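Report on one structure; see the data block that follows.
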Amino acid sequence: SLAPLSGSPYPAGGSPSAVIVDASDEYAYVANGMDSTVTAYSISNGVLSSVGSYGTGTQPVAMGIDPALHEYLYTANFLGNTVSGFQIQASDGTLINTKGSSFAASTNPTAVAAIPHGKYLKQ
């Protein structure tokens, strides 16, 4: 059975569309499509505490964290036709825009996928 956690539901931006948790299970990030933001939270015993809100391209709908370094977060920005990149600060979960962000993408991107550096799928 499920039981609500203390403080739940947690506030996010307008039209939350995706959630991702970092590899350390210390931070969670929510893409907010209507606000064009990512809301960051720290996690302690399942309870979320707000870390901050960060601007993205127009209407983020998906997120991914690089699987090799676990240091970079990316958003697919549906109406902006871009991908936004952020460096995750391990000390507190805050986000810093990566150099050159946002990056051009095909029309209406809807997903983010990555493979670990140096490892490729072989068939």
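Rounded to the nearest percent, how much of the accessible area of the chain (1.4 Å probe, protein heavy atoms only) is carbon and sulfur?
Result for the chain: 54 percent of the exposed heavy-atom area is carbon or sulfur.
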Exercise. Give me the distance in nm between label points sitting 7 Å out from Cα along the Cα-to-Cβ direction at TYR72 and LEU2, one decimal.
Key: 3.4 nm
Quiz item: Per residue, what accessible area does the stretch 1-118 have, given a 1.4 Å probe and all protein chains present, in Å²?
Solution: 54 Å²
Practice problem: Determine, from the Cβ-Cβ distance of GLU26 and PHE103 and an R0 of 30 Å, the FRET efficiency 1/(1 + (r/R0)^6), rounded to the nearest 0.05. | Solution: 0.65
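Per 0.36 nm of contour for each residue apart, how much would the distance between SER49 and GLN89 grow if the chain were fully extended, relative to their Cα-Cα spacing?
My answer for the length gained is 12.8 nm.
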Exercise. Can you quote the Å³ per residue value for the convex hull of the Cα atoms in the stretch 21-123, rounded to an integer?
Key: 115 Å³
Practice problem: Could you pull the accessible area for VAL19 with a 1.4 Å probe, rounded to 10 Å²? | Solution: 110 Å²
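The values are calculated or read from the model by the stated rules, or taken from the named source; none is laboratory data. Please read these numbers as outputs of a predicted model, since none were measured by experiment. A quick note on method: Cβ atoms are made from the backbone with ideal geometry, for glycine too, and the neighbour counts reach across all protein chains shown. Note: areas computed on protein heavy atoms with side chains; ligands, DNA, RNA excluded. Shrake-Rupley method; radii C 1.70, N 1.55, O 1.52, S 1.80 Å.
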